[in-house]
Amino acid sequence: MLSLDHLPGTWRTRRAGALAVTAVITLSTFCWLAITTSVGTGLAPHDQGVTAWAVDGRHPALTVIMQVFTALGSTVGLTVLTALCATLLFMRGHRVRALVLTLTMLGSSLLTVALKGILGRTRPSTDTLLGPPATTTSFPSGHSFNTAVFTGLLAGMVLLSTTAVVHRTLAIMAAAGATLLVGTSRVYLGYHWMTDVMAGWSLGLAWLCLATLAILWLQGRRRPPQAHSNDPSGASSATTSGVHGVEPPSA
């Protein structure tokens, strides 16, 4: 039987297991979307129909809203928001969280550039585009991917900072709503296919899970080893403390 004793205690928890399973599922979803869109199978045949439906449903007021959200999820928008939030976290003494936010967003941005260069999917026709033409390729949607990572990180920090149900619920709803609207805006404005956005969402969730697992692993490796004792009660105590997860640091 495979032994997990070599893993840090923070990885031998239900939370870590759930994160790992979610990462596998979402990465598998992303890979499936990447493969099927490249050969025109799966959900790809529905892309044209979804784009046509979005174009038919355009309204001046709705267009303004979509343009605002697509600007917030742009490279410039997320860079400004990340810098602002990281600065506020640092000034409030949450230095580790500020560093995690900065590094995770930097990593997702670099991954976006790499994947777009590798996969090279063509964007929708500029005939239906509302805005200046994009200079990068289409798959995955960087707006959708990076917004999911950014809002997910902030929501996670709120969940770790409070036990108030109202605050936790609002954080989750705000993260999900912003991610949904940014992704939808990319299809509505004609910049991306539906499957590009879905790939961005799935990859964003996977990236969040992997980043959290990395933090838990580092926490487990930094924990001082438990003192060994001949006292049965002491040994039991050390074992018990070693299997419980450690909350990500708040400072």
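Exactly one residue out of His143, His167, His94 is buried (at least 22 other Cβ atoms within 10 Å of the Cβ) and of a type outside the set (Lys, Arg): that is His143. Listed conditions (1) closer than 20 Å to Ser202 by Cβ; (2) in a helix (DSSP H, G or I); (3) touching a residue at least 60 places away in the same chain (Cβ under 8 Å); (4) not aliphatic (A, V, I, L, M) are all met by Thr82, apart from (1).
Looking at Gly156, Gly152, Gly183 in this structure, which one is surrounded by 19 or more Cβ atoms within 10 Å (Cβ to Cβ) and at pLDDT below 95?
Working: Gly152 fails: at pLDDT below 95; Gly183 fails: at pLDDT below 95.
After ruling out the rest, the residue left standing is Gly156.
Figure legend. Inter-residue proximity from segment 89-105: first residues without any contact (Cβ under 8 Å) to a residue 40 or more places away in the chain and under 21 Å from Phe145 (Cβ atoms), second residues among the β-branched types (Val, Ile, Thr) and part of a helix (DSSP H, G or I), beta-carbon distance below 8 Å, spacing 6+ or different chains. Indicated pairs: Thr102/Thr82.
Residue check: is Leu106 outside any loop (DSSP other than H, G, I, E, B), surrounded by 14 or more Cβ atoms within 10 Å (Cβ to Cβ) and under 15 Å from the mean Cα position of the chain (by Cα)? It is false that Leu106 is outside any loop (DSSP other than H, G, I, E, B), surrounded by 14 or more Cβ atoms within 10 Å (Cβ to Cβ) and under 15 Å from the mean Cα position of the chain (by Cα). Comparison of Val21, Val50 shows that the only residue that is of a type in the set (A, V, I, L, M) and either buried (at least 17 other Cβ atoms within 10 Å of the Cβ) or closer than 22 Å to Thr137 by Cβ (or both) is Val50. Would you be able to say whether some residue in segment 22-37 is of a type in the set (Val, Ile, Thr), closer than 18 Å to Gly190 by Cβ, in a helix (DSSP H, G or I) and at pLDDT 95 or above? Yes, segment 22-37 has at least one match. Contact list please: Cβ distance under 8 Å, first residue in segment 167-179 and over 20 Å from Asp196 (Cβ atoms) and free of Cβ contacts under 8 Å to residues at least 12 places away in the same chain, second residue surrounded by fewer than 16 Cβ atoms within 10 Å (Cβ to Cβ) and not aromatic (Phe, Trp, Tyr), pairs at least six apart or on different chains. As it stands, the answer is Arg168/Leu159; Arg168/Thr162, since those pairs meet every condition given.
The values are calculated or read from the model by the stated rules, or taken from the named source; none is laboratory data. Computed from a prediction, not measured in an experiment: that's the story for all the values here. Quick reminder, even Gly has a Cβ in these numbers, built from the backbone with ideal geometry, and neighbours come from all protein chains shown.
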